[in-house]
1. Scan the stretch 287-310 for residues that are in a loop (DSSP other than H, G, I, E, B), under 18 Å from the mean Cα position of the chain (by Cα) and polar (S, T, N, Q) and report the count.
2. Does the stretch 302-316 include one or more residues that are surrounded by fewer than 24 Cβ atoms within 10 Å (Cβ to Cβ), within 27 Å of Phe172 (Cβ to Cβ), modelled with pLDDT under 95 and of a type in the set (A, V, I, L, M)?
3. Might you let me know whether the stretch 118-127 holds any residue that is closer than 24 Å to Val322 by Cα and assigned to a loop (DSSP other than H, G, I, E, B)?
4. From Gly203, Gly212, Gly184, Gly224, grab the single residue that is more than 17 Å from Phe172 (Cβ to Cβ) and in contact with a helix residue (DSSP H, G or I) (Cβ under 6 Å, 6 or more places away or on another chain).
5. Can you name the residue in the stretch 147-180 that is in contact with a Gly (Cβ under 6 Å, 6 or more places away or on another chain) and β-branched (Val, Ile, Thr) and, of all such residues, is modelled with the lowest pLDDT?
6. Going by what's in this entry, would Val327 be described as surrounded by 21 or more Cβ atoms within 10 Å (Cβ to Cβ), among the hydrophobic types (A, V, I, L, M, F, W, C) and under 27 Å from Gly203 (Cβ atoms)?
7. Every residue in the stretch 84-103 that is acidic (Asp, Glu) and part of a helix (DSSP H, G or I), please.
8. Based on this model, can you work out whether Gly184 counts as closer than 27 Å to Val282 by Cα and in contact with a Lys or Arg (Cβ under 8 Å, 6 or more places away or on another chain)?
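The values are calculated or read from the model by the stated rules, or taken from the named source; none is laboratory data. Small disclaimer: the values here were computed from a predicted structure and weren't measured. Cβ sites come from the backbone with ideal geometry, for glycine too, and all protein chains shown count toward neighbours.
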Amino acid sequence: MIVLVLVLGALVLVGAVIIVRARRRPRRPAPAVARAPMPEVLVTQATPRPTIDQVAPTSFADRLSTSRGVFERVRAVTSAGVLSAEQLGLVEEVLLRSDVGVATTNEVLEQLKNDGAVDGLALTLRRLLLSYLGSSRTAHTQAEAGRVAVWLFVGVNGVGKTTSIGKLAHRFVSEGQSVVLAAGDTFRAAAADQLEQWAIKTGSDVVRSSEGADPGSVVHDALGRASARGADIVLADTAGRRANSTNLLDELAKVRRVADRAPGQVVETLLVLDATTGQNAVSQAREFLAAASVTGIILTKLDGTARGGIVVAIERELGIPVKFVGVGEGVEDLVAFDPEAFVASLLDA
């Protein structure tokens, strides 16, 4: 028995020694993981974002260079008089590519077949296109005595509605007018945040509410503040989730009724369209015309599309004047639409 105890004790002692030695034994370091070399720095200085003091380019043709490029072959035709079938085919291709529209293109071709191009193709086409852009495009800013002028902005999401409001606010403030912005797109929190940033940049006032609040109440509160502070104009944003939503169109009609009630008076309802969508912009517009009583069009991103002829299609097919066009990212790049300058930018040599 004594021997058994001695053996067990010896085994315990040996185990303890082994454990102590194992703890003292230094661990081998883990092999280093190979790392990929750091890439070289390719950009040494970030391109500055447009600021509110950015100076807009002076040449309208330069801003519309993409659309101008579509008309290059028309400008290259130097002959005058009767046009050949090939030349008429060229005109048809160019007009359709620029999204002038099928109906307008057919009318222009018919006149060219009958009358030819006595002054040359470019000058004759310039005159014909201008004939479709004759609508009055005055932007009204004056309300009746004792009421505040309201510009109401409608359109689907993503067309540049809120940005257009900010740029117009900058224009009005630069002219010495006091502006209140109404963040009526309460279904998209980012819209109200964006409008608030524009208010800070431009020195405008802004009225907003919580996400999902009643848009009409926001516009009503903005009118109350504008009236109390003697502001000159209210620029009111609205929701634009879907163009074919009956509920949305009903909501827009309701907001317009609120905005047109004293102390406010709607003097402009501007539909904002994205020029890059071409004929889809015309389809969008038809959804809004009746519900919102649209008085004018803002056509954004005109500088970035070859579909500049959509201006002609909009005015011919809808009978609504294009009053402002977006021709760049800068704050000065939302400009009053000038038909003469527009057509000249496409067809002048």
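1. 1
2. no
3. So far as the stretch 118-127 goes, no, none of its residues is closer than 24 Å to Val322 by Cα and assigned to a loop (DSSP other than H, G, I, E, B).
4. Selected residue: Gly184, the only one of Gly203, Gly212, Gly184, Gly224 that is more than 17 Å from Phe172 (Cβ to Cβ) and in contact with a helix residue (DSSP H, G or I) (Cβ under 6 Å, 6 or more places away or on another chain).
5. Restricting to residues being in contact with a Gly (Cβ under 6 Å, 6 or more places away or on another chain) and β-branched (Val, Ile, Thr), the top hit is Val156.
6. Working: surrounded by 21 or more Cβ atoms within 10 Å (Cβ to Cβ): yes; among the hydrophobic types (A, V, I, L, M, F, W, C): yes; under 27 Å from Gly203 (Cβ atoms): yes.
It is true that Val327 is surrounded by 21 or more Cβ atoms within 10 Å (Cβ to Cβ), among the hydrophobic types (A, V, I, L, M, F, W, C) and under 27 Å from Gly203 (Cβ atoms).
7. Glu86, Glu92, Glu93
8. Details: closer than 27 Å to Val282 by Cα: yes; in contact with a Lys or Arg (Cβ under 8 Å, 6 or more places away or on another chain): no.
No; evaluated as a whole, the condition is false for this residue.
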